Amino acid sequence: MITVKNAAKAYDGQFVLEGVNWHINQGEWWGIIGPNGSGKSTLLHLISGTEKLTNGDISIQGKPISNYSRKELSRIVAVLQQDGVPQIHFPVRDVIEMGRFPYQDWLGREQQGYEEKDQLLNEIMSKLELDSIADRSVDELSGGQRQRVALGKVMAQEPQVLLLDEPTTYLDIRYQLQFMELVQKWRMDNGLTIIAVLHDLNLAAQFCDKLLVLKDGKAVSSGTPAEILTRDNIHSVFKVNPAIVAHPDSGVPQLLLKRKL
């Protein structure tokens, strides 16, 4: 689905990402982890096409990303930022419908009819349990509700690849789990490919098939959560000494932090 070859990005001559090679198969869920400033979001922006490569190449479905038009790429790749949708004064259903932009002409018309579009939007609203607030303004919603609306908007985009940039940052633990499970259900139903920048390593271990570790702008390792989330690796990358235990349900590694004082 996605191939990254020797990808590099520099700002004012200073490289923030350099020499990254990576291959993502269709239907996989990859997590990108690493310290602050390691280039995680930059890599995501390069894959989304919102930033241009300084060196290297990124291809999606065998086609260089630079050869896609903005609208053409938006039919394949959707991006969800950590702040979801801003507190705008628009009804929930209208915001979700904005996700149909890649399929509209300059007059806002779609090739598929209104009935097909309305059916799609109704299904999304139902799946995300947003029917009861369809007419409420987004600026009246809680953070968890707005993030569900943001997810609905990218679902309406019908992408094949979903890029998540720290999507659970502002959510409490209930909404974090709910959000990740909604994404997982979407992936299972549609064969979605997911790449997520995550700071919560425990969530990453529970939901991601594989992890890519970035440090100082370079990819230092990749593999399954069990292979990556070891005591030695965590100390090498994050400079902490965690206790690592197996999750009682899934057996995936979970990190417990140790106090120094």
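The values are calculated or read from the model by the stated rules, or taken from the named source; none is laboratory data. Since we're looking at a predicted model, the values are computed, not measured. Using ideal geometry, Cβ is built from the backbone for each residue, glycine included, and neighbour counts are taken over all protein chains shown. Only protein heavy atoms, including side chains, enter the accessible area calculation; ligands, DNA and RNA are left aside. Shrake-Rupley method; radii C 1.70, N 1.55, O 1.52, S 1.80 Å.
Taking the Cα centre as origin and putting +1 on Lys and Arg beta-carbons and -1 on Asp and Glu beta-carbons, what dipole magnitude results for the chain, to the nearest 20 debye?
900
Can you pull the one-decimal nm distance between simple spin-label points at residue 224 and residue 184, each 7 Å off the Cα toward Cβ?
Taking the simple label geometry, residue 224 and residue 184 are separated by 1.6 nm.
For Cα pairs less than 8 Å apart in space and 6+ apart in sequence, what is the mean separation divided by the residue count of the range 166-261, i.e. the relative contact order in percent?
Normalised by residue count, the contact order of the range 166-261 is 18 percent.
Could you tell me the distance between the Cα centroids of the range 8-41 and the range 45-95, to the nearest Å?
Here the answer is 16 Å between Cα centres.
List the lysines whose Cα lies under 28 Å from the Cα of residue 258, skipping any in the same chain that are fewer than 8 positions away.
40, 210, 215, 218, 239
For the range 108-196, report the accessible area per residue in Å² (1.4 Å probe, heavy atoms, rounded to an integer).
Heavy-atom SASA per residue in the range 108-196 reads 49 Å².
Using +1 at the Cβ of each Lys and Arg and -1 at the Cβ of each Asp and Glu in the chain, identify which of 55, 179, 162 lies farthest towards the dipole's positive end.
Positive-end residue among those listed: 55.
Quick one: order 154, 16 from most to least accessible surface, probe 1.4 Å.
So, going from the largest accessible area down, we get 16, 154.
Specify the angular offset, from 0 to 90 degrees and rounded to the nearest 10, of the alpha carbon long axis of helix 173-190 from the longest principal axis of the alpha carbons in the chain.
Long axis of 173-190 versus the principal axis of the chain: about 70 degrees.
I need to check one value: relative contact order of the chain, counting alpha carbon pairs closer than 8 Å and at least 6 residues apart, in percent.
Relative contact order of the chain: 25 percent.
With each label point set 7 Å from Cα along the Cα-Cβ vector, what nm distance links residue 69 and residue 173?
So the two model labels end up 4.9 nm from each other.
By how many nm would the segment from residue 249 to residue 6 grow when fully extended, if each residue of separation counts as 0.36 nm and the alpha-carbon distance is taken off?
83.6 nm
Can you put 232, 118 in order of accessible area, largest first, using a 1.4 Å probe?
Listed by decreasing accessible area, they come as 232, 118.
All other residues with a Cβ under 11 Å from the Cβ of residue 180 taken together, and with Lys, Arg as +1 and Asp, Glu as -1, what is their net charge?
Neighbour charge sum, excluding residue 180 itself: 0.
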